[in-house]
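What follows is a set of notes on a single structure, which appears directly below.
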Amino acid sequence: MAYLQTEILGHTQKVCRLYKSALKHVFEYAPNRAAYRYAAVCVRQKFEENRHLTDALKVQTLIEDTKEELFQKQHSHPFRYATSPGGSAYGRELKSPDWVLDLWSPDEKAQYPEYFARREEMKKEYIVYWEKKFGNKAEELHHHH
């Protein structure tokens, strides 16, 4: 959740976000799926009990108190999906360098003919650009001998 509010939230959105936070909270403490489902039903019951409140001040106080309670009781090691920021596998996907595609067999390249045709074209354009910018080292080496 962002520290700076960048949008104005309506009442329904605030309550929905609070409900979702409460479910995440009980998920972190639940030892198994059955315990989580029971806790989730209890959370839903609490929200349903206060569904028909009309006093705006009471509702706002209830929302703030619930947020504070969730904050005070937050888990010491909150659940993170492995590939999400903060997860154990976040940022571990290795980006293959471009030259790996040069090692593909002709059969593999045949599966993507337009891509590899354009790639070869771009490689030639890049060689021309490189030689224009830095010169051709191979020719310079021949001239010195």
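Please give the solvent-accessible surface of LYS73 in Å², to the nearest 10, using a probe radius of 1.4 Å with every protein chain present.
Its accessible surface works out to 110 Å², give or take rounding.
What GluC sites (Glu not before Pro) does segment 38-145 have in DSSP loop regions with at most 15 other beta carbons within 10 Å?
On the way: sites: GLU48, GLU49, GLU64, GLU68, GLU69, GLU93, GLU108, GLU114, GLU120, GLU121, GLU125, GLU131, GLU139, GLU140; in loops: GLU93.
In loop regions of segment 38-145 (DSSP not H, G, I, E or B), the sparsely surrounded GluC sites (Glu not before Pro) are GLU93.
Is the C-alpha gyration tensor of segment 32-84 telling us rounded, prolate or oblate? Criteria: a/c under 1.5 is rounded; beyond that, a/b larger than b/c is prolate, otherwise oblate.
On the way: a/c = 2.84, a/b = 1.61, b/c = 1.77.
Oblate, since a/c reaches 1.5 and b/c is not below a/b.
From the backbone phi of segment 79-91, what are the Karplus-calculated ³J(HN,Hα) couplings (6.51 cos²θ - 1.76 cosθ + 1.60, θ = phi - 60°) in whole Hz, Gly and Pro given as x?
Once θ is set to phi - 60°, the couplings for segment 79-91 become 5, 9, 5, 3, 9, 8, x, x, x, 5, 10, 5, x Hz.
Could you tally up the Lys pairs in the chain with alpha carbons closer than 21 Å? Skip any pair fewer than 8 positions apart unless they're on separate chains.
Step by step, the pairs that qualify in the chain add up to 26.
Restricting to DSSP loop positions (anything but H, G, I, E, B) with no more than 12 other Cβ atoms inside 10 Å of their own Cβ, which trypsin sites (Lys or Arg not before Pro) remain in segment 1-51?
Details: sites: LYS14, ARG17, LYS20, LYS24, ARG33, ARG37, ARG44, LYS46, ARG51; in loops: ARG51.
Taking segment 1-51 and a limit of 12 other Cβ atoms within 10 Å, the loop trypsin sites (Lys or Arg not before Pro) found are ARG51.
Choose one of GLN60, VAL100, TYR90: the residue whose Cα lies farthest towards the positive end of the charge dipole of segment 51-141 (beta-carbon charges +1 Lys, Arg; -1 Asp, Glu; about the Cα centre).
About the Cα centre, the residue reaching furthest to the positive side is GLN60.
Hey, what did segment 1-134 get for relative contact order, percent, Cα under 8 Å, at least 6 apart? Walk me through the numbers on the way to the answer.
Working: 38 pairs, mean separation 23.9, N = 134.
RCO, segment 1-134: 18 percent.
Which value, in debye to the nearest 20, gives the size of the charge dipole of the chain about its Cα centre, when Lys and Arg are +1 and Asp and Glu are -1 at the Cβ? Walk me through the intermediate numbers first.
Details: 23 positive and 21 negative charges, 133 e Å.
Dipole of the chain, to the nearest 20 debye: 640 debye.
How big, on average over all directions, is the shadow cast by the Cα convex hull of the chain, in nm²?
Numbers: hull surface 74.5 nm².
For the chain, averaging the hull's shadow over all directions gives 18.6 nm².
Roughly how big is segment 64-145's charge dipole about its Cα centre, with Cβ charges of +1 (Lys, Arg) and -1 (Asp, Glu), in debye to the nearest 20? Please report the intermediate quantities before stating the final value.
Working: 13 positive and 16 negative charges, 36 e Å.
It comes to approximately 180 debye.
In a Debye calculation with equal point scatterers on the alpha-carbon sites of segment 64-127 and no solvent, what is log10 I(q)/I(0) at q = 0.14, 0.15, 0.16 Å⁻¹?
Each listed q maps to, in turn, -0.65, -0.69, -0.74.
The values are calculated or read from the model by the stated rules, or taken from the named source; none is laboratory data. Model, not experiment: these values are computed from the prediction. Neighbour counts are summed over all protein chains in view; Cβ atoms, including those assigned to glycine, are modelled from backbone coordinates with ideal geometry. Remember, those area values only see protein heavy atoms, side chains included, never the ligands or the DNA or RNA. Shrake-Rupley method; radii C 1.70, N 1.55, O 1.52, S 1.80 Å.
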